[in-house]
Amino acid sequence: MSEFWLISAPGDKTNLQAWERMNTVTSKSNLSSNSKFHIPDLKVGTLDALVGLSDELGKLDSFAESVIRKIAQYIGEVMEDSKDKVQENLLANGGLKDKMKCLQIDLISYLTRFEWDMAKYPIKQPLKNISEALTKQVTQIETDLKARSAAYNNIKGNLQSLEKKTMSSYLQWQKTYESLSDMVVPRSTKMIAEDAEGGLFTVTLFRKVMDDFKAKARENRFMVREFYYDEKELKCEKEELMKLASDKKQQYGPLLRWLKVNFSEAFVAWIHVKALRVFVESVLRYGLPVNFQAMLLQPNRKSVKRLRDVLNLVFKHLDEVAAASIMDPGMDIPGLQLSNQEYYPYVYFKIDLSLLDCS
């Protein structure tokens, strides 16, 4: 599965108890593949500030995810290739130490080996500053994406429009033109011009069926034009077609490189937002001093419900009321307003890496 669950639970002095309990019960039953998710010692600040930051990070999480999905989708449009081929180009900066620091790795490897980028997001600054830096970075990437995609799409659109003017299927035309309307003179069509992109044909018919013939021709994807032979105009049109094709080819490489680099940047930023959310929510949920263990689970596709039930049993002591409402969704608990799909006794966030499945 490309879905991951990022959770946290209070730890003891070594944070081993929460990890070992969860890992033991889920791994033995093959419910999920698990790894620790390492979050550095961030500055907590005041609890009031954390409450406000929690809402801001939720919005930033959604925004960052939408940007990386846009980039992933646009890479597919630019490459004009299969989803599997596009997926191979969705990579992230490794974030690994020493000589492997700049290595591009697949998204799952980056996530399961996550390391906080101390250079980009210094942990000695307030959490709000880190959040603002992430927001600024993702916003700039989205702005640049809009500008670059608009420029490329303009060239691509003009090229496609010009190509359509000369696009025709000779065999299909020969088979169908006589039956497109009444009063078409049999065997009257003649090709009067041709280039690498298509051919120009005449046809003889009665004037009173001309409009009907044009409509039927368009329905069959033949381009109907009033034509007056102008060698200069035809030459200009062909030169424009060649120029647009050349411009598209020249922009393709730099644009694709930009998309791949900034997909990586946006993805790395998004996972740092997830890390911030886990930290903030864990402090708000479990209190001070900071002592929790963040864990990353990749559920087995066939065991999602069972995994959720097991986690609820392991961690129900953290929030007995929430656990009870999950076990019995129809249970009416006065004063409790929870979304059973998103609130659990433990801190929980979903990370979906199927970035090409949704628009």
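Values computed for the structure shown
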quantity: Subset tally (residues that are of a type outside the set (D, E, K, R) and part of a helix (DSSP H, G or I)) for region 203-225; calculated: 5
quantity: Residue within region 136-159 that is hydroxyl-bearing (Ser, Thr, Tyr), modelled with pLDDT of 85 or more and either surrounded by fewer than 16 Cβ atoms within 10 Å (Cβ to Cβ) or closer than 20 Å to PRO40 by Cβ (or both) present; calculated: yes
quantity: Which numbered condition LEU205 fails, given (1) at pLDDT 85 or above; (2) surrounded by fewer than 15 Cβ atoms within 10 Å (Cβ to Cβ); (3) in contact with a helix residue (DSSP H, G or I) (Cβ under 8 Å, 6 or more places away or on another chain); calculated: (2)
quantity: Members of region 261-318 found to be at pLDDT 95 or above, small (Gly, Ala, Ser) and more than 27 Å from the chain's Cα centre (by Cα), listed by number; calculated: SER282
quantity: Top-ranked residue of region 12-53 - restricted to ones that are small (Gly, Ala, Ser) and not in a helix (DSSP H, G or I), ranked as farthest from TYR346 (Cα to Cα); calculated: GLY45
quantity: Looking only at region 160-180, and only at residues there that are out of contact with any strand residue (DSSP E or B) (no Cβ under 8 Å at 6 or more places or on another chain) and not in a helix (DSSP H, G or I), the one that is modelled with the highest pLDDT; calculated: LEU180
quantity: Cross-chain or 6+ apart pairs with Cβ under 8 Å, region 237-259 first and outside the structural domain of TYR74 (by TED's automatic domain parsing), then outside any helix (DSSP H, G or I) and surrounded by fewer than 13 Cβ atoms within 10 Å (Cβ to Cβ); calculated: LYS238/ASP195
quantity: Residues satisfying the stated conditions in region 24-60, i.e. without any contact (Cβ under 8 Å) to a residue 24 or more places away in the chain and buried (at least 18 other Cβ atoms within 10 Å of the Cβ); calculated: none
quantity: ASP81 surrounded by fewer than 19 Cβ atoms within 10 Å (Cβ to Cβ) and in a helix (DSSP H, G or I); calculated: no
quantity: Residue within region 281-289 that is outside any helix (DSSP H, G or I), touching a strand residue (DSSP E or B) at 6+ places or on another chain (Cβ under 7 Å) and under 20 Å from THR26 (Cβ atoms) present; calculated: no
quantity: Single unsatisfied condition, ARG285 versus (1) touching a helix residue (DSSP H, G or I) at 6+ places or on another chain (Cβ under 7 Å); (2) under 30 Å from SER131 (Cα atoms); calculated: (1)
quantity: Residue match in region 210-221 (condition: over 27 Å from ILE105 (Cα atoms) and touching a strand residue (DSSP E or B) at 6+ places or on another chain (Cβ under 9 Å)); calculated: yes
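Yes/no per residue for (1) out of contact with any Ser or Thr (no Cβ under 9 Å at 6 or more places or on another chain); (2) farther than 30 Å from ALA193 by Cα; (3) of a type in the set (S, T, N, Q):
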position: THR112; (1), (2), (3): no, yes, yes
position: ASP117; (1), (2), (3): yes, yes, no
position: LEU127; (1), (2), (3): yes, yes, no
position: TYR152; (1), (2), (3): yes, yes, no
position: TRP173; (1), (2), (3): no, no, no
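The values are calculated or read from the model by the stated rules, or taken from the named source; none is laboratory data. On a predicted model such as this, the values are computed, not experimentally measured, just so you know. Backbone-built Cβ (ideal geometry, glycine too); neighbour counts: all protein chains shown.
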